[in-house]
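What follows is a short report on a single structure.
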Amino acid sequence: MEAAKELHVLAVDDSNIDRKLIEKLLKVSSFKVTVVDSGSRALEYLRLDDDTCSSRFDDLKVNLIITDYSMPGMTGYELLKKIKNSSTLKEIPVVIMSSENILTRIDRCLEEGAEDYLLKPVKLSDVTRLKDTILNTKNRLPRSCHMNASMSPPVSPAPKLC
Amino acid sequence: MDQRNQMHRHIANTRKSLFDQGYLDEQFIQLEELQDNSNPNFVEEVVTLFYRDSARFLSNLDQALEKRPLDFNKLDSLMHQFKSSSTSIGAKKVKTECTHFRNYCNARNAEGCKRTFQNVKKEYTTLRKKLEAYFQMSRQVGPIETACRSR
């Protein structure tokens with residue numbers, strides 16, 4: 001049963017301290033965690049994961065990506081765009097973390113498909129909420145889904161954009 | 001037994017004063033709450049990482065402040081990193097000085113930057129000394145004791 005299995009989060013942050021913190025926060029919240037220090041390493045991991053991934057390797061599947069916004073090289077926003085533009089990766093929910101509370105930045109990220117934008121320093125309550133984020137994403141109909149007249153609307157709750 | 005209680009009280013008071021005097025904020029408590037028996041030195045590990053990263057950030061800032069003319073964008077970017085680290089461990093006074101520095105960067109004020117950078121370094125050094133003393137004391141009574149803190 002899916003609920004009993006550990007959800008796997010890929011965390012991306014260039015800061016040593018923030019990586020240590022997010023890893024701990026995720027582990028304390030019973031997530032399985034993989035931490036990388038850049039967007040390019042995140043993509044490497046996801047693509048590698050994707051190549052070896054068949055239905056047999058569900059254990060390795062990444063259920064959520066949480067990434068810092070301000071990173072050298074590839075920003076969290078650029079990583080988000082790459083993920084949402086990838087046919088194989090776009091269904092993975094992405095959450096952005098940032099120390100900066102800039103409305104235009106938040107809007108841009110949400111518009112690009114981020115599920116949430118967390119202000120740093122990230123708290124335990126933010127992390128435990130990620131489980132809901134993952135579940136909401138799973139219950140959501142794919143965007144290309146068309147309903148015909150004979151189908152009734154879904155009963156699952158609408159996704160929250162916090 | 002009495003001496004032990006005295007030590008505990010001293011450590012608790014030291015810890016409390018770090019908050020009361022504004023050196024640390026709520027984020028430090030978040031770190032403490034993540035510490036448990038499976039990871040009894042978590043807070044000290046994070047703080048040690050902070051010292052290591054800070055040495056690098058401050059050195060980079062020192063170098064960048066030597067350049068003529070000053071590259072304010074680079075200075076701001078470097079200070080953003082240091083401020084992020086400081087925020088992550090709850091270093092309240094250090095964080096405030098970092099903000100002042102960034103304000104001077106935005107205003108392209110070289111003198112302001114150099115002056116506030118001295119304050120940043122001063123606050124960092126002060127905090128480090130206090131934290132080192134606090135952890136040393138805590139280690140003397142044993143790691144499990146420090147996980148049980150009085151609020």
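Quick look at the numbers
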{"quantity": "Flag for B:Gln3 being more than 14 Å from every other protein chain (Cβ to nearest Cβ) and surrounded by fewer than 11 Cβ atoms within 10 Å (Cβ to Cβ)", "calculated": "yes"}
{"quantity": "Criterion (within 14 Å of chain A (Cβ to nearest Cβ), under 20 Å from A:Pro121 (Cβ atoms) and surrounded by 12 or more Cβ atoms within 10 Å (Cβ to Cβ)) met by exactly one of B:Tyr51, B:Tyr23", "calculated": "B:Tyr51"}
{"quantity": "Residues that are open to solvent by 50 Å² or more (accessible area, probe 1.4 Å) and within 14 Å of chain B (Cβ to nearest Cβ), drawn from the stretch A:107-126", "calculated": "A:Leu119, A:Lys123, A:Leu124, A:Ser125"}
{"quantity": "In the stretch A:91-106, residue nearest to B:Phe82 (Cα to Cα) [restricted to those that are over 10 Å from the mean Cα position of the chain (by Cα) and either away from every other protein chain (no Cβ under 14 Å) or not in a loop (DSSP other than H, G, I, E, B) (or both)]", "calculated": "A:Ser98"}
{"quantity": "Scan of the stretch A:1-43 for residues that are touching a helix residue (DSSP H, G or I) at 6+ places or on another chain (Cβ under 7 Å), in contact (Cβ under 8 Å) with a residue 24 or more places away in the chain and in a helix (DSSP H, G or I), ordered by number", "calculated": "A:Asp18, A:Leu21, A:Leu25, A:Leu26, A:Val28, A:Gly39, A:Ala42, A:Leu43"}
{"quantity": "Every pair of residues 6+ apart whose Cβ atoms lie under 6 Å, when the first sits in the stretch B:1-21 and is closer than 19 Å to B:Thr126 by Cα while the second is surrounded by 11 or more Cβ atoms within 10 Å (Cβ to Cβ)", "calculated": "B:Ile11/B:Met137; B:Ile11/B:Ser138; B:Thr14/B:Tyr134; B:Leu18/B:Leu24"}
{"quantity": "Per-region count, the stretch B:1-54, residues closer than 25 Å to B:Val94 by Cα and assigned to a strand (DSSP E or B)", "calculated": "1"}
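The values are calculated or read from the model by the stated rules, or taken from the named source; none is laboratory data. Quantities reported herein were computed from a predicted structural model and do not represent experimental measurements. FYI the Cβ positions are ideal-geometry reconstructions off the backbone, even for glycines, and counts take in every protein chain you see. Calculation scope for accessible area: heavy atoms of the full protein, side chains included, ligands and nucleic acids excluded. Shrake-Rupley method; radii C 1.70, N 1.55, O 1.52, S 1.80 Å.
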